[in-house]
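Remarks on the structure that follows.
The values are calculated or read from the model by the stated rules, or taken from the named source; none is laboratory data. Keep in mind that this is a model prediction, so the values were computed, not measured. Every residue, glycine as well, gets a Cβ built from its backbone with ideal geometry; the counts of neighbours run over all protein chains shown. The accessibility values were calculated without ligands, DNA or RNA, using every heavy atom of the protein model including side chains. Shrake-Rupley method; radii C 1.70, N 1.55, O 1.52, S 1.80 Å.
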Amino acid sequence: MAKYFNRHFLKTLAFSTGVGAASGYAVYSFLELNDTESLVKNEIEQRYYKIFENKETKWDSNWDKRQPKSLVKPVDSNKTDHQEKYDKKIESQKSHATRHIFLIRHGQYNLSGETDGERKLTELGRKQALFTGERLSVLNYPWTTITQSTLTRAMETCSIIQKQLPANIPLTSSDLLVEGAPILPDPPSKHWRPELYQFYRDGARIEAAFRKFIHRAPPEQKEDSYELIVCHANVIRYFVMRSLQLTPEAWLRLSLDHASITWLSIYPNGRVALRCYSNSGYMPPEAITH
């Protein structure tokens, strides 16, 4: 009986010791994991606040060359009267409104056309433009302006969209917005290889279009604006990369649906948000092409 008791006691003790060791290891591992997570969290926070406090950021706040301090000549801060005038000038150059820019790609068009006049919208392309016009109408924003590319497919798309919106929206056209080759893509495409001179010819024009149409609101603009620009895939993709300060050469990695909506918001402080990209989900699946 004593032998049985001793054996049973030893087995129980061994089992308890094993469970205790396992439990202890589990507790230790849990605490160690928590300590590691805490250390990582603290390190991330320290780095973030260091960047924030020292303003060590890659974002260029003066990307559109309209930051107030870049528009006013500096003065001697030791001269109070000069400083007061300087501060007033800075205040007068500040942006106060947000620009909401809706970039609309044209609908599907006749790819076999040899001239611009022959590259008209297909029947599906007209339906796509109609769907987009209806979508913009439902959004019911106080549309401020419409700007269109001067190529036939863009003007046709714009005309169909216009019919779904209030008739009093100012319309302008710009040759700067026509399709082209904005910059040599990286990586290069096997299926799309323009002549090298086209990048030099079109790139400067599309960059000029970016500087003209994509920037923070001018100081005299007091209310937020909702602006429509009807143009082309390459132009829109380049605008998106440039406005977000991403590598422009990556533009060809993006795809863009026909008659889709891309929405950029430019805030008074120069920050930019991409609210949506290539939005075509309001169309029936069979109507979506790119």
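Quick check on region 155-165. Is at least one of its residues of a type in the set (A, V, I, L, M), touching a helix residue (DSSP H, G or I) at 6+ places or on another chain (Cβ under 9 Å) and surrounded by fewer than 20 Cβ atoms within 10 Å (Cβ to Cβ)? Yes, that holds for at least one residue.
A single entry from Arg242, Arg193, Arg205 fulfils the requirement of being basic (Lys, Arg) and within 25 Å of Ser159 (Cβ to Cβ): Arg205. The strands (runs of 3 or more DSSP E) found entirely in region 172-290 that carry 3 or more residues being open to solvent by less than 20 Å² (accessible area, probe 1.4 Å) are 225-231, 261-266.
Across region 136-150, what is the number of residues that are over 10 Å from Val230 (Cα atoms) and either outside any strand (DSSP E or B) or free of Cβ contacts under 8 Å to residues at least 40 places away in the same chain (or both)? If you could, list the steps in order and put the result at the bottom.
We begin by selecting, within region 136-150, every residue over 10 Å from Val230 (Cα atoms); these are 136-145.
Adding the requirement that they be either outside any strand (DSSP E or B) or free of Cβ contacts under 8 Å to residues at least 40 places away in the same chain (or both) leaves 136-144.
Of the residues in region 136-150, 9 are over 10 Å from Val230 (Cα atoms) and either outside any strand (DSSP E or B) or free of Cβ contacts under 8 Å to residues at least 40 places away in the same chain (or both).
Filtering region 102-135 to residues that are of a type in the set (A, V, I, L, M), assigned to a helix (DSSP H, G or I) and open to solvent by 60 Å² or more (accessible area, probe 1.4 Å) leaves only Leu130. Residue under question is Arg99, and the condition is that it be over 22 Å from Asp257 (Cβ atoms), modelled with pLDDT of 95 or more, among the charged types (D, E, K, R) and buried (at least 19 other Cβ atoms within 10 Å of the Cβ); does it hold? Considered against the rule, which asks whether it is over 22 Å from Asp257 (Cβ atoms), modelled with pLDDT of 95 or more, among the charged types (D, E, K, R) and buried (at least 19 other Cβ atoms within 10 Å of the Cβ), Arg99 comes out as yes. Could you list all residues from region 245-262 that are touching a residue at least 40 places away in the same chain (Cβ under 8 Å), over 18 Å from His290 (Cα atoms) and within 12 Å of the chain's Cα centre (by Cα)? The one that is touching a residue at least 40 places away in the same chain (Cβ under 8 Å), over 18 Å from His290 (Cα atoms) and within 12 Å of the chain's Cα centre (by Cα): Gln245.
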